[in-house]
Amino acid sequence: MKAIETKLKGCFILEPNIIEDSRGYFFESYNENKLEEILGFKPIFVQDNQSNSSYGVIRGLHMQTGEYAQAKLVRVLEGDVIDVAVDVRAGSETYGQSIAVRLSADNKRQLFIPRGFLHGFSVISEKATFFYKCDNSYNKASEDGVNPLDEEIIIDWQIPAGKMIISEKDQYAQSFKMFKNK
């Protein structure tokens, strides 16, 4: 597994070693010891989540706060997405900055997103199945988020405006300015 640290400290793109032959392919999608070596600590994942979405869907920007904050290891099982992480860790040198990474069933890349990040993705294929491991359980009372079309963060979701499918909850989510001023 090859690890590429992004401009956001602690956020890594993970590229698997894929073994292919006439029968298909094989790769190790998760290895606790290798991930610990890359991260410098041992994440303990307690929950797996999976979603299926069609072209144009934008999910995010979401996070959990406080004692229910979550680190995530995300990947795509089917299709193609633009995966986004926004650093909102207090005191971080890259606070408010984001990265966008193309994750797909074809490239088999994963993204490790530490606690303290907003997270979201857009589906740029006909449909996509998105899978993620979380190091903390979901807690509704700890949910937080920012409108994915926020004018301060400015994320290119690679979906034309007329084709975006955004939940009502995300459409009416707070601005990044409101989020920062809490």
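Side notes on the structure shown:
- Among the residues making up region 173-182, those that are more than 26 Å from Asp80 (Cα to Cα) and either among the aliphatic types (A, V, I, L, M) or not in a helix (DSSP H, G or I) (or both) are Gln174, Ser175, Met178, Asn181, Lys182.
- Some residue of region 63-72 being farther than 14 Å from Cys134 by Cα and crowded, with 20+ Cβ neighbours inside 10 Å: no
- Hey, Ile153 among the hydrophobic types (A, V, I, L, M, F, W, C), surrounded by 19 or more Cβ atoms within 10 Å (Cβ to Cβ) and over 22 Å from Leu77 (Cα atoms) or not: yes
- One residue alone among Ala161, Ala128, Ala90, Ala173 is more than 26 Å from Met1 (Cα to Cα), crowded, with 18+ Cβ neighbours inside 10 Å and small (Gly, Ala, Ser), and that residue is Ala173.
- Of all residues in region 4-50 being among the small types (Gly, Ala, Ser) and farther than 17 Å from Asp135 by Cβ, the one that is modelled with the lowest pLDDT: Gly24
- Gly56 more than 30 Å from Asn17 (Cβ to Cβ) and of a type outside the set (Ser, Thr, Tyr): yes
- Selected residue (only one of Leu118, Leu149, Leu111 is under 15 Å from Ser167 (Cα atoms) and of a type in the set (A, V, I, L, M, F, W, C)): Leu149
- Qualifying residue in region 51-69 (condition: part of a loop (DSSP other than H, G, I, E, B) and over 19 Å from His119 (Cβ atoms)): yes
- Across region 75-133, the qualifying residues are those that are free of Cβ contacts under 8 Å to residues at least 40 places away in the same chain and among the aliphatic types (A, V, I, L, M), and the one among them that is nearest to Phe41 (Cα to Cα) is Ala90.
- Taken residue by residue, region 106-123 has at least one member that is on the phi > 0 side of the Ramachandran plot, of a type outside the set (S, T, N, Q) and either under 17 Å from the mean Cα position of the chain (by Cα) or crowded, with 17+ Cβ neighbours inside 10 Å (or both).
- Within region 16-47, restricting attention to residues that are in a strand (DSSP E or B) and not acidic (Asp, Glu), the residue that is nearest to Ser137 (Cα to Cα) is Gln47.
The values are calculated or read from the model by the stated rules, or taken from the named source; none is laboratory data. Since the model is a prediction, treat every value here as computed from it, not as a measurement. Every residue, glycine among them, receives a Cβ derived from its backbone with ideal geometry; neighbour counts consider all protein chains shown.
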